[in-house]
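Structure first, then comments.
The values are calculated or read from the model by the stated rules, or taken from the named source; none is laboratory data. What you are looking at is a predicted structure, and each value in this text was computed from that prediction instead of being measured. Here Cβ is always computed from backbone atoms with ideal geometry, including for glycine, and neighbour counts include all displayed protein chains.
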Ligand SMILES: [Ca+2]
Ligand SMILES: [Ca+2]
Ligand SMILES: [Ca+2]
C-alpha cells in the first residue's frame, strides 16, 4: 500500500509535467470532478464514478477550471478568471458558498488540497516567475515555497501530506522535483532531455 501510494504520487508528478493530468480528480466519496467547455466556457462539473448523475457546479461566463477535492469536508478548490485574472476559489460540493482565496493581479493557478484538508498548494507568477505556494484554506498565510528564478509549478501532494512534487525548468528543461511541504530538502526525481 505504501509503495502503491508512492508510485501513484510519482506518476501524478510525471503526468502533471506532461500536461496529461488534471482537470479530473477522484474523491474519497467516490465522485469525480472535472472541467469542460461543453456549455461554451469552462465550468466545473461533478459526476458519480460510473459517469452518471452529472451536475454543473459553476455557472459563469469566465473559465472555471482545475477542480481539486478537499479530503475533509467535501469542498472543492478551483481556479477561475471571473474577476479579471486567475485566482483560487473554494466552494461547497454543491457549488454553493464560493469564496475567493487569492487577490493578486498575477496568475494564481492549479490549486491542490492537502490530504489533511488544512492547506492548499498552488502556483503563481506574482513574484516575477512561477513559484509553488501554500496557504491556509481560508486564504491566509500565503507562502512561496520554491523561491527560484526558474518556473516552478504544478504541485502534487504525497499521500501522507509531508511532501510536494512539482515541476521546474531550473536545470535547463522540465523535470519533476520533490520537496518537504515547508519547501526544504528539494530533490530532482527525473533526468531527461525530453521536452515533457
Ligand atoms: Ca464558467
Ligand atoms: Ca490572481
Ligand atoms: Ca520560480
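Quick notes
- Among the residues making up the stretch 141-173, those that are out of contact with any strand residue (DSSP E or B) (no Cβ under 9 Å at 6 or more places or on another chain) and either within 16 Å of ligand 2 (Cβ to nearest atom) or over 21 Å from residue 75 (Cβ atoms) (or both) are 149, 172, 173.
- Near pairs, Cβ below 8 angstrom, 6+ apart or cross-chain, from the stretch 109-131 (within 16 Å of residue 70 (Cα to Cα) and modelled with pLDDT of 95 or more) to any residue that is assigned to a strand (DSSP E or B) and near ligand 3 (Cβ under 10 Å from one of its atoms): 110/123; 110/153; 121/132; 122/132
- Scope the stretch 174-188; condition touching a strand residue (DSSP E or B) at 6+ places or on another chain (Cβ under 8 Å) and exposed (fewer than 14 other Cβ atoms within 10 Å of the Cβ); matching residues: 185, 187, 188
- Selection status of residue 65, surrounded by 22 or more Cβ atoms within 10 Å (Cβ to Cβ), over 18 Å from residue 157 (Cα atoms) and within 16 Å of ligand 1 (Cβ to nearest atom): yes
- Qualifying positions in the stretch 74-126 - closer than 14 Å to residue 137 by Cα and out of contact with any strand residue (DSSP E or B) (no Cβ under 9 Å at 6 or more places or on another chain): 116
- Matching residues, the stretch 151-173, being within 15 Å of ligand 3 (Cβ to nearest atom), closer than 22 Å to residue 88 by Cα and not in a strand (DSSP E or B): 151
- Restricting the stretch 103-126 to residues that are under 14 Å from the mean Cα position of the chain (by Cα) and in a loop (DSSP other than H, G, I, E, B) leaves a set whose member that is surrounded by the most Cβ atoms within 10 Å (Cβ to Cβ) is 114.
- Verdict on residue 59 being surrounded by 14 or more Cβ atoms within 10 Å (Cβ to Cβ), at pLDDT 95 or above, part of a loop (DSSP other than H, G, I, E, B) and away from ligand 2 (no atom under 15 Å from the Cβ): no
- Filter result for residue 154 (within 16 Å of ligand 1 (Cβ to nearest atom) and in contact (Cβ under 8 Å) with a residue 40 or more places away in the chain): no
- Residue within the stretch 45-52 that is within 16 Å of ligand 1 (Cβ to nearest atom), in a loop (DSSP other than H, G, I, E, B), at pLDDT 95 or above and within 15 Å of residue 95 (Cβ to Cβ) present: no
- Residue 139, sole failed condition from (1) surrounded by fewer than 19 Cβ atoms within 10 Å (Cβ to Cβ); (2) within 18 Å of residue 62 (Cβ to Cβ): (2)
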